[in-house]
Each structure stands twice: as structure tokens, then as C-alpha cells.
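The numbers here are math on the coordinates, done by the rules we state, and not lab data. These numbers come from a predicted model, not from an experiment. Please note: Cβ atoms are built from the backbone with ideal geometry, for glycine as well, and neighbour counts cover all protein chains shown.
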């Protein structure tokens, strides 16, 4: 299992284009590759089953839909994921309480920390 984040292939599931561009820029700066961005739940579900990636960053609230169906698929396959939310961990369902959380707003160091945590939790 990977222990470093350099070269990670990342799927971003985020409905706010400015936030997804920020995440893409931060990931590029730390040596990760964005394989795709999915702004909607249906698109995210398609990409999860059709793309190769190492970790996913899931915005919990996708324009009124929740990203938990994507998280369930990833959890079943053993693929690491991060839940990104501006509402804190209080609203996260019990089944995902152990998932790494990226609290919005965040800095690059926060993103790096949760990427490492996601990789560690997948071991």
C-alpha cells in the first residue's frame, strides 16, 4: 500500500467549479494528478466505476444531493476517499464517521494531511 502522496491519481467530486479548481491546483503543487472532476452525483457514480484512481475527494453536498452513495461504492471496493464538508463531522452518518474529513475552508497543508490519513485508513 502507498505511504506517500507524490504521484497519487485523484478523482474530485465537487459541484463548485472554483473549489474544484482550487483543489486541482493544490494537488498539482504537491505532485498529484487529477484524473477527473465530477460535479454531479450521477456523473461521479459513472466515473467511480470507469476510471482508475488511487483516492477520491468527495464534497458531501453536491448541489442538494449527498455523495454518500459514491462513498459506499468506494468503501466496498477498498478505495480510499476523503469527505469534504463545510458543516463539520456532526452531519456525517455514523457509517462514515471514521473517514478522513477535509473541513472547508482548507489550506494545502490540510489537504496533504487528509490524503495521508486516507491512504493510512485504507491499509
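A few comments on the model shown:
- Cα gyration tensor category, rounded, prolate or oblate, for the stretch 57-123 with a/c compared to 1.5: oblate
- Percent antiparallel among DSSP beta bridges (both partners in the chain, rounded to 5): 10 percent
- Label point at residue 75 placed 7 Å out along Cα→Cβ; residues across the stretch 43-59 whose backbone nitrogen lies under 19 Å: 44-46, 48-49, 55-59
- Neighbour-count order for 81, 53, fewest beta carbons within 10 angstrom listed first: 53, 81
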